[in-house]
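Encoded as structure tokens, the structure appears first; notes follow it.
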Amino acid sequence: MGVSKDAGSPGAMDFVIAVDGPAASGKGTIAEQLGARFGLPVLDSGLLYRAVGVTLLAEGGDLADEEAAAGVALRLDPARLDDAAFRTRAAGEAASRVAAYTSVRVALRDFQRAFAGQPGGAVIDGRDIGTVIAPEAPAKLYVTASPEARARRRWLQLNETEVPYAEVLADILRRDARDAGRADSPMRPASDAVLLDTTEMTISAAADAARRIVEAARARWETSRR
Ligand code: DC
């Protein structure tokens, strides 16, 4: 694991920014830009679930097999998330399937909490960062957009241009329903998260809005520490 277990618990946390929201809402780009602005390391937690799903399938496993998925999660090396195979449509779907298993979520939890507990803080994007992984985070954003806007963005990004827009929209709707409907750590805004609807925004306008929200949270956090 790339992060020391002694890094501290998120309870006593430095400046952690939790960026949650559904697929293709822009949260990944926003998280990267916030990391650069505040000089913090960034974790795309979706990649952990993507790596589990893709590795399970590559080993000939079945996405319906919770025990096998948990086994993959337990031996996952979070230093090796930089693989183009984790960024495909199929990887997103596989990730959403394995993410519904409590044993998989538990196996990935300590690493995410240790990442959040790094001295100085961190930015983490995902679905349950503000609610479960880092509920004490001083800055929480829930980035959303209409399913149609998100499907259009995803469709334009995909290299697999033969995929019809309607299929991408169906993917997004299915994934939203699974991620928000699961029993363990469902996708939802924390009660103290600031909602950012990016439907009508360019990505740079959305990133600017996110930066302003987090600057305000940072000022409050600094005041509270005096
Ligand atoms: O953010 P993403 O599209 O890369 O996430 C892929 C899937 O992983 C998503 O559909 C649900 C799951 N996920 C999760 O359950 N919890 C997270 N913190 C991040 C992702």
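The values are calculated or read from the model by the stated rules, or taken from the named source; none is laboratory data. Note that the structure is predicted; figures quoted are calculated from it, not measured. Because the Cβ atoms are built from the backbone with ideal geometry, glycine has one as well, and the counts that use them run over all protein chains shown. Quick note on the areas: whole protein, heavy atoms, side chains included, nothing else; ligands and nucleic acids left out. Shrake-Rupley method; radii C 1.70, N 1.55, O 1.52, S 1.80 Å.
Across all Cα pairs in the chain, the calculated P(r) in 5 Å bins from zero up to the longest distance comes to 1, 7, 15, 19, 20, 17, 12, 6, 2, 1, 0, 0 percent per bin.
The residue among Val16, Thr223, Ala134 whose Cα reaches farthest toward the positive pole of the charge dipole of the chain, with charges on the beta-carbon of Lys, Arg, Asp and Glu, is Thr223. Of the accessible area of the chain, computed with a 1.4 Å probe over protein heavy atoms only, carbon and sulfur atoms account for 51 percent. Solvent-accessible area of Glu136, all protein chains in place: 110 Å² (probe radius 1.4 Å, heavy atoms, ligands and nucleic acids excluded).
Could you tell me which of Leu57, Val106, Ala206 has its Cα farthest along the dipole of the chain towards the positive end, charges placed at Cβ (Lys, Arg +1; Asp, Glu -1), taken about the Cα centre? Checking the options against the dipole of the chain, the answer is Ala206.
Taking other residues whose beta carbon is less than 10 angstrom from the beta carbon of Pro135, and scoring Lys, Arg as +1 and Asp, Glu as -1, yields -2. Accessible area per residue for the chain in Å², computed with a 1.4 Å probe and the full protein assembly in place, what is it? I get 47 Å² per residue for this part.
Only Lys, Arg, Asp and Glu carry charge here, each on its Cβ (+1 for the first two, -1 for the last two); on that basis region 5-224 has a dipole of about 360 debye about its Cα centre. Annotation for Met201 and Glu32: the two label points, set 7 Å from Cα along the Cα-Cβ direction, are 1.7 nm apart.
Comparing Leu47, Ala122, Ser146 along the charge dipole axis of the chain, the residue lying farthest to the positive side is Ala122, per the Cβ-charge model. Which FRET efficiency value, to the nearest 0.05, do you get for Leu173 and Glu67 by plugging their Cβ-Cβ distance into 1/(1 + (r/R0)^6) with R0 = 25 Å? Taking R0 as 25 Å, the efficiency between Leu173 and Glu67 is 0.30.
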